[in-house]
Structures are given as C-alpha cells and as structure tokens.
2 protein chains.
Amino acid sequence: MSTRSQDPVGRRATIMDVAAAAGVSRQTVTRAMNGMTGISEVTRERVQRLAAELGYTPSRFAKGLVQGARISVGLAIPDLTNPYFPAFASSVVEAATQRSWNVVVDDYGHGTASGLDAVARLAPQVDALIGYLGEHSGEAQAMMGRRPVVALDCPEGGAAGNISFDYPYAARLAMDHLVSDGRSDIAYLDSDQGGPAASRGSATAAVAAEAGIAVTRCHAAPSAKAAREAVDDLLRSGVRIDAILAFNDLMAAGALKALQDGGKSVPGDCAVIGMDGIPLGELTTPELTTLSLDLRTVGRTAVDLLDALLSGSVEARSPAASLILRHELIVRRSA
Amino acid sequence: MSTRSQDPVGRRATIMDVAAAAGVSRQTVTRAMNGMTGISEVTRERVQRLAAELGYTPSRFAKGLVQGARISVGLAIPDLTNPYFPAFASSVVEAATQRSWNVVVDDYGHGTASGLDAVARLAPQVDALIGYLGEHSGEAQAMMGRRPVVALDCPEGGAAGNISFDYPYAARLAMDHLVSDGRSDIAYLDSDQGGPAASRGSATAAVAAEAGIAVTRCHAAPSAKAAREAVDDLLRSGVRIDAILAFNDLMAAGALKALQDGGKSVPGDCAVIGMDGIPLGELTTPELTTLSLDLRTVGRTAVDLLDALLSGSVEARSPAASLILRHELIVRRSA
DNA sequence: AGGTCTGCCGTGAACGTTCACGTCGTCAAA
DNA sequence: TTTGACGACGTGAACGTTCACGGCAGACCT
C-alpha cells in the first residue's frame, strides 16, 4: 500500500495489523503475545497464529520506550584479533548475560580509528560503556554524559569507574624471578602504542633501575609478527641478552619464535616472560612463563563495578570506583 | 521531584527538561542537538550547554521509533574463548561497522546453554542474526520471524541464508598431502559436540575410505586441553599412528603438545594437520600445517549475504542464499 | 505602502508499544 | 431481583523523539 512496504528491515507488521487481522484490540494482542492473563486460550492461539503468519515482531523501540529499558552496555576494545581481548570480552558477556544485559561490541582496531570513534558509534546505542580507551577515557565519559563508563588500564581516570593494574608490582615479580635465576642482561619488548600502555614499560624500567639492572628497551606493534621481527633485529644487532620481558603474551610468543629461529634455546640461552596469561601461553613450546591476570575476574569486576555505578551504590569517580588489580607470576617453561 | 529520579539508568532528563531550562521548545532543542539549520548560533550553544549540565542524552528508543531504525545485528557464537570465533567475530564487526550497523554479541558457551538461548536473548533486540547455531537454524529463523538469519556451518539450512563449507574438498586436500608424504596410519581427532560439526569427521572418513585408508577416530571437547588428553590416551593405548588430522587448530595444537610430551617428534614421527587457519597456528613449534579458511572473508561474506537478504536483492532460502566456502591447505612445519 | 523573502522559532501529529483503567457480559449467591 | 465477583476484552493516555507544517518578525525590493 504505502511505500514503506519496501522497508529493508522487515518491520512491516505492527500490533495494529495483527489486531485487525484477528478482529481484536491492541491490548488483546499484547496479552496474547506476552503470556499475560485476561485472555481466553482460543483467542490467544488464534492471535499468535495470525502474528506468526504476518511475520509480526514487536518493535523493540516502542517496547523500550514505554517499559523501563533493558540495559545494554557497549564494549569498546581495540582488537578482537589479539587473544587477550576476546578472553576479556567473553567474561564481560558472561557477567552481563547473567544480569540480562546485552552487550554491543565495537572493535576499533581495523581502520585507523581510535577508541573515540568506537565510543561515538556506541554512545547513542547504549546505557553504559566498558572499554579499553587508552588515554581518552575523559572524552569518552563526556560523550556518554551521565551514563557511566568503566575504563580499563587508564590510570589518569577520567571515567566514572576505573580499573587499573599494579604494574610496579608485576614488574617486581618478574624481575625477582629473573634475577634469582641469574639473568642479568634483560630486554624489555614494549608495545609501540604509547598511551597508558607505556606505563608497563616505565614501571619495568623503574623497578630495574632500583635493582641496579640495565634494561634494553625495544618497541614493536603489539602483535606476534611484529615482535618476532623486532627480536630478530635485536639478535642481529649483537646486543647480549639472556632474558626478554614482553609487553604481552602475544609478543612473548613472537619473541620465542625469533629466538628459536636465531638458534637460541629457551630458557637455556634466553628466558622469556610474557604478560596477561592468555591460554595461548600453554600452547607454545616451551610453554610461556607469564605475569598472569585472571581474565574472567577482570571482566566480572568491570561488570560488577558498572552495576554498582548504575545502581548508585558507588559514586562516580569516588575512590571506591577506582580498582587496582594485580598480576600473578605463573612459572612455566620459558623462564 | 517524582520517584523516577531514582532511575538506575541515568536517563532522567528528557528533551522537555532541556527545553524548559532553556526557555525554548522541543524542536529547538532537537535543532540544537542534531546540528540542524534554522537556529541561531547563540541559542544553539546555550541549549547545548544546558543539555550537558542536565546530563541529557536522547532516548535511543524514542529516536529509533520515529526514525527508521539503525540496523543492529545479533551475533551468536558458542565460545569466544576459542580463537576461531573472535577472529570470525572481528571480521563481522568490521563489515558491520562499515555499514553503520552495530553488533550485539552473545556468547552462549559458558552455561549449559545452547545456541537457542542466545537467539532467545537476542531476538527482541536485533533486526537480523548471524550465528553458528548448530542444528538449530530452523528454530532460530522461526524465532526471528521475517527478520533474516544467516547460519554458518549448518548444511540442512533452515535459515534464510546459509554459509557452509566444502568438507569433502578439504578432507581430500589433507588426505592427498598426507598420502603423498607416505603417511598411512591416520587418526582423526574429532570434536565430541556432534551436530553439523560432525560432518567434518564423516567427510574425512568418507574420503579416507575412498582412498582405501583406515582412519582411527577419537573424540574430545573442542579445546586444546581436552585434545591433549585425548591424544595422550591414544598414545598410551599403543595404536600406531603417523598422522593426526584434527577438528580444528586448537585441537591440533593440543595434539602437538601431547605428541611432544610423549616423546614423539613432529612431523618426523607423526604429522599434524589442523583446520581453520587461526593465527595461533603460526606460534606453535613446529608451526601448524592447516586447512585454512580466510576468516576475514567468512565474516564479510556473512555480512554481505545478510545485507542482500535485508535489501531484498536475494530471496530467503533461495539457492543464491546458500553459499559454500572452501578451505585451502597451508603447508607449514607440522606436516 | 505593499509585497516577498528569509531567519528563527513553535505546535500538532506520528512512531508502536504498554499501563491503568473502563465496560460488558455471565454466573452464583443473597 | 439485586448484588457481587470474575472473566474477557476495549479505550485513552503516556513514553520521548522527529517530521511537516505554520507563524512572526525584520530586511529588502518595487
């Protein structure tokens, strides 16, 4: 009839269409569809049958408008391709599902996009946000207005809630382990992303300086491939090293490969320690010693914090909304 | 004032609140917020300032109701923890973002849930669905009504769109490679999930039978750990094998580990071939030979198909809505 | 002066549901 | 017969936006 029958989203049939087809009122259709009382079984079935025939699906917008909205939270992460993030995302989705929230994921890694693009896309669609936002947590919170944002790994903390990591503690853990193993020529294989991530490197440098150990720092994109090439260059440059501390497990795995390619034995000639404790670490040969984070805990913690923020039981930007998590050293084969 | 100031979702302020505060009408606020013309710069800035102060964020429901909805598609996957799925999800998110769609992810792996639970959660929230739904694609399509579903790896094809894989072709690729390498005692390490996934195993068995090769089949959960244990048992059982074909790369990686634990050299004593071609395969030692799928292509294909279905340029359940993708053999070190 | 244009702003209507009522029977008890 | 209760169903209102208008000044032209 009207031009909107061409509507790409098949939301043609409305509740009124069903009501007309069944010869009843809107409200009766509502009663039939939502399992409410106050309707006879025969009518209910007839209405449901008609609804199915017409392909009627209630508008989530109209529903959301009139009822209290079902909460949906945005999840902004830089790169689903890095195993750390899906592991994290998985636990967020799990915790959110338990609360009947749903999760809108935006992976802002592909283009040249930054986290803010993801936030811009997500902001009109969600009631709250969880994300690795780099240094942009302040702007992100501004875009979200009163709706709470939980930022991870962003020590400055412009967001309503902040979850950060105790890098000095982690660095000390690794350093102690390496030193007590007799290692002295340590390289730190850093990510070249800068931003808050750089605090991993500077924490390591500080701890090493404190212990009187010189650390060679080198940089690469946070992927296994880039790390492999960087370590390759490092080896070729002739610098003596007997241990590599990597920005994350993915880079550690790349380092492992480069060392093996270069004829070095691990951990014999050179130890390797990764960071974050992703499952991948158990599949390399040798298996990766790593500063592990319990990723399920991280995701759950983020959702718990968000819940507290939403319910008002924790004040935004208050000390209680700022959590610090610690890594744990898991000693496997590589160091 | 009213009790709804306790609203957990901070959607207190409406457009009317802003209008009242600024002493203007709704429409002027709309003009100010949406960068529309027909408003003076001073008024625009005043309104925007007031809006920010009140923490006003437009209701996505009201907006969606009156404007044509922004499309959001559900993505139902069994397990974000298996690297295959995030790789897939990543490409779906990328392709969807390019179209200004957004993606609601549901990972139905954690509980004892099946894909249908995910669909039930997703159905009221989305305009379309992409998913690994096992054998439930028919029910899923029914739940979604007229809204299109693209099901992956579900040959029966109850969904509007179907993307499946040519397993006989892949099996032949692997078998040829192994046979030409002189392997004759082949084990197929299958997933114990059953469902359409089982077609990988039966295709392999069929191809092997055709070539006159006996294949030992064993089963495990589709995780590296379970595969490792299964292969461990296999080795202990004393069966002679000189090649393992695995259900996926994760299981192949587990098999690798078990072989190494058991003192077997790979590929010397036993070859290993994985399936799907996830990045992890380049990080094991030896690197994994695998039947690779270009995962970015798979995701993009799914979104393209969904787009065609939504726009009506492809008829649901028509032959054009049924795509078959082929694996490609990538020979690395393990076979 | 009369006319038109343009910039700024306001008002009804519509989007598709659900909520809180209201109505109309029918049947049983008083 | 009246009363009350109850089951089945319908009707206005509301949710918060945007769209399509309409109005009202002032500037500018003839």
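Here are a few things to note about the model shown:
- Occluded residues from the range A:77-94, i.e. those whose accessible area drops by 20 Å² or more once the chain is not alone (1.4 Å probe): A:80, A:81, A:86, A:90, A:93, A:94
- Derived scalar couplings between HN and Hα for the range B:161-174 equal x, 9, 10, 10, 10, 8, 5, x, 4, 4, 4, 5, 4, 5 Hz in order, rounded to whole Hz, by the Karplus curve 6.51 cos²θ - 1.76 cosθ + 1.60 (θ = phi - 60°), x for Gly and Pro.
- Protein-only accessible surface order, largest first, of A:84, B:56 at 1.4 Å: B:56, A:84
- In degrees, nearest ten, helix A:249-261 long axis to first principal axis of chain A (Cα): 40
- Residues of the range A:212-227 whose accessible area (probe 1.4 Å, heavy atoms of protein chains only) drops by at least 10 Å² once all protein chains are present, relative to their chain alone: A:224.
- Per-residue ellipticity at 222 nm from helix content only, as computed over chain B with -39500 (n - 2.57) for each DSSP H run of at least four residues, stands at -13000 deg cm²/dmol.
- Karplus-derived HN-Hα couplings along the range B:315-324 (A = 6.51, B = -1.76, C = 1.60, θ = phi - 60°), whole Hz, x at Gly and Pro: 6, 4, 6, 7, x, 5, 9, 10, 10, 10
- Remark: mean inter-chain Cβ contacts per residue of B:61-72 equal 5, using a 10 Å Cβ-Cβ cutoff to other protein chain atoms.
- Sum of side-chain charges, residue B:21 neighbourhood, beta-carbon under 13 Å (Lys, Arg +1; Asp, Glu -1): +2
- Distant-in-sequence amide contacts of residue B:323, defined by a placed amide H-H separation under 5 Å and a gap of 5 or more residues or a different chain, comprise B:162, B:163, B:164.
- Residues of the range A:167-292: accessible area per residue with a 1.4 Å probe, Å²: 37
- Filter on A:225/A:257; A:257/B:257; B:225/B:257; A:257/B:225 - keep pairs with C-alpha separation over 18 Å: A:257/B:225
- Total formal charge among the other residues, if their Cβ is under 15 angstrom from that of residue A:210, Lys/Arg +1 and Asp/Glu -1: 0
- Cα gyration tensor category, rounded, prolate or oblate, for the protein assembly as shown with a/c compared to 1.5: oblate
- Pairing chain B with chain A buries about 5000 Å² of accessible area. This figure sums both sides and uses a 1.4 Å probe.
- Atom-type composition of the exposed protein surface of chain B places 51 percent of the accessible area on carbon and sulfur (1.4 angstrom probe).
- Kirkwood hydrodynamic radius of the range B:3-66, from inverse mean 1/r over distinct Cα pairs, in Å: 12.1
- Chain A - Kirkwood radius from inverse mean 1/r over Cα pairs (Å): 22.8
- Two-site label geometry, residue A:166 and residue B:269: point separation in nm, points 7 Å out along Cα→Cβ: 4.4
- For the range A:245-335, the Kirkwood radius over C-alpha pairs fed into Stokes-Einstein at 20 °C and 1.002 mPa s yields D = 146 µm² per second.
- Under 5 Å from the amide H of residue B:277 lie the amide H atoms of B:249, B:291, B:293, each residue being 5 or more positions distant or on a separate chain, with H modelled from the backbone and absent for Pro and chain starts.
- The phi torsions of the range B:213-225, fed into the Karplus equation with coefficients 6.51, -1.76 and 1.60 and a -60° offset, translate into couplings of 10, 7, 10, 7, 9, 9, 10, 6, 4, x, 10, 4, 5 Hz, rounded to whole numbers, with Gly and Pro shown as x.
- Amide H contacts of residue A:271: A:243, A:244, each under 5 Å away and 5 or more positions distant or on a separate chain (H built 1.01 Å from N in the peptide plane; Pro and chain starts excluded).
- Each other residue within a Cβ distance under 10 Å of residue B:160 adds +1 if Lys or Arg and -1 if Asp or Glu, for a net charge of +2.
- Here the mean projected area of the convex hull built on the C-alpha positions of the range B:167-292 is 6.6 nm².
The values are calculated or read from the model by the stated rules, or taken from the named source; none is laboratory data. Please read all numbers here as calculations on a predicted model, not as lab measurements. A quick note on method: Cβ atoms are made from the backbone with ideal geometry, for glycine too, and the neighbour counts reach across all protein chains shown. When the accessible area is computed, the model is the full protein with side chains, heavy atoms only, and any ligands, DNA or RNA have been set aside. Shrake-Rupley method; radii C 1.70, N 1.55, O 1.52, S 1.80 Å.
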